[in-house]
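The values are calculated or read from the model by the stated rules, or taken from the named source; none is laboratory data. Quantities reported herein were computed from a predicted structural model and do not represent experimental measurements. A quick note on method: Cβ atoms are made from the backbone with ideal geometry, for glycine too, and the neighbour counts reach across all protein chains shown.
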């Protein structure tokens, strides 16, 4: 365990961000606050039930409210019984790591991937995360061939592949998984007896033409082989609330996760907030629509800057970030040079971006730029980027 913690620290550690820096590294939805504040201010007063012990896997009313959210927006037929709640999405991922296998198991996951996936699965569940390698030159396309190579790699390492982990909308690419990619993943899972774990944390943060996938209408979900992860950190801007959701029709998986929920139980106060946030379907629809509009505006504001300097990036249609190629600004094509550029950006220009090596990027120079900072802070952050690019010798198009 100690070795695992040391390993995680090398991946995710680092000095604290200076207070004066523009934090474009952490995926937080600051734009949602003004939409949420009036609703939160009008929450009903706490009752004794809201501060006492509740069902470890989630209070029935809260689970029912979240099920209704999916039923309304995904035309599903969920009930509270299909849900298990936990203290954040990370806790749900770990619970599934235990529930779907053992210490000899592996999950397959497309790269680039969310940096916390590997430590979450490895630290206690001891599940290995094996990369399904995608490349910038092929627009990070997930192919059946790449999935098969990852499956072979896992077995060659003495691991038993148990699941494919997919995030859609994708973190850090900022787009929905494409229909042909989704079909390839489901077909491979079916033919190789694998479960599919869908991280849908940004489900309602789509703002382009991509098609959102909730997972709850798929044949694999009905068969109990597709398990959906949701939460309130991203779509709702409540990253500090730590309320994660597992949705599955697999009774055995639910039972295992319900047992683990006793050490990962959600806060009764968080459930109080979530239950009442979702109690008005009209307000929920209005919030989601307005939030998507704000994300679209913020994404386009930063995308215009990148286009002006002819910097490559993945055209986004969802999420809180852009995946940007700054390899042309590296002193050499190494991850060491990537780290040096990130440090220069932070210390000299007071801009924090998340470097691609943490995301298992296929080559140095990719960075995740998170754009959902408060609207009042956006012009200054953009000006800081302009100053950096100009100093690097780039010339913006008129």
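Of the residues 85, 31, the single one that is surrounded by 18 or more Cβ atoms within 10 Å (Cβ to Cβ), at pLDDT 95 or above, in contact with a strand residue (DSSP E or B) (Cβ under 7 Å, 6 or more places away or on another chain) and not in a loop (DSSP other than H, G, I, E, B) is 85. At pLDDT 95 or above, surrounded by 18 or more Cβ atoms within 10 Å (Cβ to Cβ) and part of a helix (DSSP H, G or I) - does that describe any residue in the stretch 359-377? Yes: one or more hits. Scanning the stretch 325-348 for residues that are surrounded by fewer than 22 Cβ atoms within 10 Å (Cβ to Cβ), in contact with a helix residue (DSSP H, G or I) (Cβ under 8 Å, 6 or more places away or on another chain) and either on the phi > 0 side of the Ramachandran plot or not in a helix (DSSP H, G or I) (or both) yields a count of 4. Quick one: is residue 396 touching a helix residue (DSSP H, G or I) at 6+ places or on another chain (Cβ under 8 Å), over 25 Å from residue 167 (Cα atoms) and modelled with pLDDT under 95? Yes: the conditions hold for residue 396.
Considering (1) modelled with pLDDT of 95 or more; (2) surrounded by 23 or more Cβ atoms within 10 Å (Cβ to Cβ); (3) farther than 12 Å from residue 169 by Cα, the lone condition that residue 199 does not fulfil carries the number (3).
Out of 101, 58, 64, one residue alone is assigned to a helix (DSSP H, G or I) and more than 22 Å from residue 206 (Cα to Cα). It is 64. Picking from residues in the stretch 127-184 that are free of Cβ contacts under 8 Å to residues at least 24 places away in the same chain and in contact with a strand residue (DSSP E or B) (Cβ under 9 Å, 6 or more places away or on another chain), the one that is surrounded by the fewest Cβ atoms within 10 Å (Cβ to Cβ) is 155. Among residues of the stretch 286-309 that are farther than 15 Å from residue 234 by Cβ, those with a beta-carbon under 7 Å from a residue that is at pLDDT below 95 and surrounded by fewer than 19 Cβ atoms within 10 Å (Cβ to Cβ) at least six positions away or on a different chain give the pairs 308/396; 308/397; 309/394; 309/396.
Looking only at residues in the stretch 338-358 that are touching a strand residue (DSSP E or B) at 6+ places or on another chain (Cβ under 7 Å) and in contact (Cβ under 8 Å) with a residue 40 or more places away in the chain, which one is nearest to residue 391 (Cα to Cα)?
Of everything passing the filter in the stretch 338-358, 345 is nearest to residue 391 (Cα to Cα).
Residues in the stretch 275-312 that are touching a strand residue (DSSP E or B) at 6+ places or on another chain (Cβ under 9 Å) and surrounded by 21 or more Cβ atoms within 10 Å (Cβ to Cβ): 295, 299, 302.
The residues of the stretch 34-48 that are in contact (Cβ under 8 Å) with a residue 12 or more places away in the chain and either in a helix (DSSP H, G or I) or touching a strand residue (DSSP E or B) at 6+ places or on another chain (Cβ under 8 Å) (or both), listed by number, are 35, 36, 39, 40.
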